[in-house]
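Have a look at the structure below, then the notes.
The values are calculated or read from the model by the stated rules, or taken from the named source; none is laboratory data. Owing to the predicted nature of the structure, the values given are computational and were not obtained by experimental measurement. Cβ: placed from backbone, ideal geometry, glycine included. Neighbour counts: every protein chain shown.
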Amino acid sequence: MKNKNLSRIILWAGIVLLIGLLIAGCAQKPEPVVEPPGPTPEELEQARQDSIQAAEEAMLAAQQAAAKKAAMEAEQALLAAEQAAKSSLQVIFFDFDRYNLRSDARTAADFDAGVLSKYGDWQVLIEGHCDERGTDEYNLALGERRANTVKDFFINYGLDAPRFTTVSYGEERPATMGHGEDAWSQNRRAVLVIR
């Protein structure tokens, strides 16, 4: 009986083992992983070309921005230099009842002519002024002679005559108020106004 029992156990063990093998064999096998296809050589070349073009466009934009900034800075520097040049123009002073250029007036006029020669597009109004002595008519005529003397100096220097106009204010616009030589000497003058 022991053999019979043993045979049955072996038989049942074989059946269980067979069922187990059948179940294991029927289990789903995992699907193989399919990787997406990589870029084609044409796509790789297009991506490279796009990258190069984007880099070139960025470089061009940076160069244009730098050039624009440099141009603006240069323009600001030119405007500052021009303003400094305008501010450097000197007043030309005259002796009492005279319209000829004394030595210090020639030096001032020579300096002004040098500045004006650098800025050929400037239009210049030359104002003639007098001190309070003399009649209004006389001082207007004297102021006009002073302005014309300076204009003639500039023309003889080699500057173009059409750039210059003259006006006389006589004693109407004193630079310094007062009734003595200190004030009068400051009022006998020619002043350049850049327009």
>> Which residue is nearest to ASP110 (Cα to Cα), if the candidates are limited to segment 147-166 and must be among the aliphatic types (A, V, I, L, M) and within 34 Å of the chain's Cα centre (by Cα)?
In response: LEU159
>> What pairs come out if I take residues in segment 69-96 that are closer than 19 Å to THR107 by Cα and pair them with residues that are part of a loop (DSSP other than H, G, I, E, B) and polar (S, T, N, Q) whose C-beta lies under 8 Å away, six or more apart or interchain?
In response: PHE94/ASN100
>> Under 7 Å between Cβ atoms, which residue pairs at least 6 apart in sequence (or on different chains) link something in segment 114-131 that is in contact (Cβ under 8 Å) with a residue 24 or more places away in the chain and of a type in the set (Asp, Glu) with a partner that is surrounded by 14 or more Cβ atoms within 10 Å (Cβ to Cβ) and assigned to a loop (DSSP other than H, G, I, E, B)?
In response: ASP131/GLU171; ASP131/ARG188
>> Given the criterion acidic (Asp, Glu) and in contact with a helix residue (DSSP H, G or I) (Cβ under 9 Å, 6 or more places away or on another chain), identify the matching residue among ASP131, ASP104.
In response: ASP131
> Does ASP104 qualify as being under 30 Å from ASP160 (Cβ atoms), assigned to a loop (DSSP other than H, G, I, E, B) and either touching a residue at least 12 places away in the same chain (Cβ under 8 Å) or not hydrophobic (A, V, I, L, M, F, W, C) (or both)?
Replying inline: no
> Which residues, taken from segment 76-131, are at pLDDT below 95, within 18 Å of ALA190 (Cα to Cα) and surrounded by 13 or more Cβ atoms within 10 Å (Cβ to Cβ)?
Replying inline: ALA85, LYS86
